[in-house]
Amino acid sequence: MTYEELFSASKQYLMPNYGRLPIAFAKGEGCFLYDLEGKKFLDFSSGIAVTSLGHAHPAVTAAISEQAGQLLHCSNLFHIPAQTKLAQLLVENSDFDQVLFCNSGAEANEGAIKLARRYAQLTYGPEKHEIITFHNAFHGRTFGALAATPTPKYQEGFAPLTPGFAHAVPGDMESVKALYTEATCAVMLEPIQGEGGVIPFAEEFLQELRAWCTEHQVLLIFDEVQTGCGRTGTLFAYQQFGVIPDIMTLAKGLGNGVPIGAVLAKAEISKVFTPGTHGTTFGGNPLVTAAGVATIEIVKEPAFLQHVQETGAYLQDALQALVQSYDWVKEIRGLGLIQGIVVEKPVANEIVKRCLDKGLIVLVAGANTVRILPPLIVEQQQLDQGVSVLKQAFQEQDQAIQSAATV
Ligand SMILES: Cc1ncc(COP(=O)(O)O)c(C=O)c1O
């Protein structure tokens, strides 16, 4: 099938909800992807923070192949050894006691919302249901997660939205307090807003919020779908903010490419999910949890996380040159290997396309941020290669901006 045939068939048979770039990949290896015509790309997107160990990592491939040859699926009516093992790995390396598995980030957040409501209603009374989330957040596209995501472009056309959500200003404790009512049961946030533009919450704000939640018997939920599983240089981002949430959600990097999500909580909270209260057919099945075990066994190692911290700091430093070179580049922000280049003009999309033409895959986040999410196995030499392409793309963009200004 040629590219032209593929694009035309995709257009005919697939719903038009994705704005796809005109490329298809045939295979991946480590930090690199190869398209149908054999062109090589350096992948600094990791499938949007998913393939942290790179493409076709031998340990994950072996775990999947072995599990597929034995037992692909078995329902949660039975015990699933790989699921139990992955839960144990997550619990032993976090501050939570129990895990629930599902199939995506949105579904993990649905699980967290249901868990918070049920815990609060059984513990404090039936009026407890409201969840405070933050402007510019992204929690997913299902109805609960969408109501938690107060950006018009995601919500438009889907009314009526799930009730019971209120939205505060990021970093503004007074706006959280102003939304508090007798019905408030939880506050939910991404420690670094990913889709919103790689915007970290300040540590002092999170600490103040943690204390306020405890004082008001409000649960604190961290959506670590994008920041979890080593992306920021610790296994979970919360471990760097000096706060422990009551509930945490994971997905993306948890299985290096298989569809998996998870909700983690203290036993005091998770005990309200008694048999029959929540569930999903595929959640935590043998195949995806075998991949999850293989992934987390590598990512949790201190030397691996140290590598993420070092390469992240190196990348952030190297990107600073862009801020120094162009007055329309505002700042570099992020933690570990989630970094954003914030631009003042609406040119993030153009920069991403320029990079793609030169064989580098990066992403847009929010209205004006170029987001960089290399695989966590990335080496300094590959970072240099990527940064050099970025510098060329920014230089071209600067020329385009200058010539537009003189017209
Ligand atoms: C922080 C966060 N939460 C939730 C989601 C939704 O995850 P999924 O696309 O797997 O449903 C995403 C996806 O980008 C995310 O970044």
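The values are calculated or read from the model by the stated rules, or taken from the named source; none is laboratory data. Predicted model only: the values in this text are computed from it and were never measured. Here the Cβ is made from the backbone with ideal geometry for all residues, glycine too, and neighbour counts use every protein chain on show. Side chains included, ligands, DNA and RNA excluded: accessible areas come from the protein's heavy atoms. Shrake-Rupley method; radii C 1.70, N 1.55, O 1.52, S 1.80 Å.
Below is a table of values for the structure above.
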item	result
Residue match in segment 388-403 (condition: within 25 Å of the chain's Cα centre (by Cα) and either at pLDDT below 95 or within 25 Å of residue 200 (Cβ to Cβ) (or both))	yes
Residue count, segment 158-186 (criterion: assigned to a loop (DSSP other than H, G, I, E, B) and open to solvent by 50 Å² or more (accessible area, probe 1.4 Å))	11
Test set (1) aliphatic (A, V, I, L, M); (2) closer than 17 Å to residue 105 by Cα; (3) open to solvent by 10 Å² or more (accessible area, probe 1.4 Å) - residue 189 fails condition number	(3)
Residue 227 being open to solvent by less than 10 Å² (accessible area, probe 1.4 Å), more than 24 Å from residue 144 (Cα to Cα) and within 14 Å of the ligand (Cβ to nearest atom)	no
Segment 331-351 - residue that is open to solvent by 20 Å² or more (accessible area, probe 1.4 Å) and not charged (D, E, K, R) and, of those, nearest to residue 382 (Cα to Cα)	335
Condition check for residue 153: in a helix (DSSP H, G or I), within 15 Å of the ligand (Cβ to nearest atom) and open to solvent by 60 Å² or more (accessible area, probe 1.4 Å)	yes
Criterion: within 16 Å of the ligand (Cβ to nearest atom), modelled with pLDDT of 95 or more and part of a loop (DSSP other than H, G, I, E, B) - qualifying residue of 137, 116, 112, 106	137
Answer residue from segment 156-179, given it is on the phi < 0 side of the Ramachandran plot and of a type in the set (Gly, Ala, Ser) and is nearest to the ligand (Cβ to nearest atom) among those	168
Cross-chain or 6+ apart pairs with Cβ under 6 Å, segment 316-328 first and in the same structural domain as residue 387 (by TED's automatic domain parsing), then at pLDDT 95 or above and of a type in the set (S, T, N, Q)	316/339
Counted residues, segment 120-150 - those being open to solvent by 20 Å² or more (accessible area, probe 1.4 Å) and over 16 Å from the mean Cα position of the chain (by Cα)	11
Test set (1) closer than 30 Å to residue 302 by Cβ; (2) open to solvent by less than 60 Å² (accessible area, probe 1.4 Å); (3) more than 16 Å from the ligand (Cβ to nearest atom) - residue 85 fails condition number	(2)
Complete set of residues in segment 347-387 that are among the acidic types (Asp, Glu) and in a strand (DSSP E or B)	none
Answer residue from segment 236-256, given it is out of contact with any strand residue (DSSP E or B) (no Cβ under 8 Å at 6 or more places or on another chain) and open to solvent by 10 Å² or more (accessible area, probe 1.4 Å) and is farthest from the ligand (Cβ to nearest atom) among those	242
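Residue by residue, here is whether (1) in contact (Cβ under 8 Å) with a residue 24 or more places away in the chain; (2) assigned by TED's automatic domain parsing to the domain that holds residue 340; (3) outside any loop (DSSP other than H, G, I, E, B) holds:
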{"site": "63", "(1), (2), (3)": "yes, no, yes"}
{"site": "66", "(1), (2), (3)": "yes, no, yes"}
{"site": "75", "(1), (2), (3)": "yes, no, no"}
{"site": "78", "(1), (2), (3)": "no, no, no"}
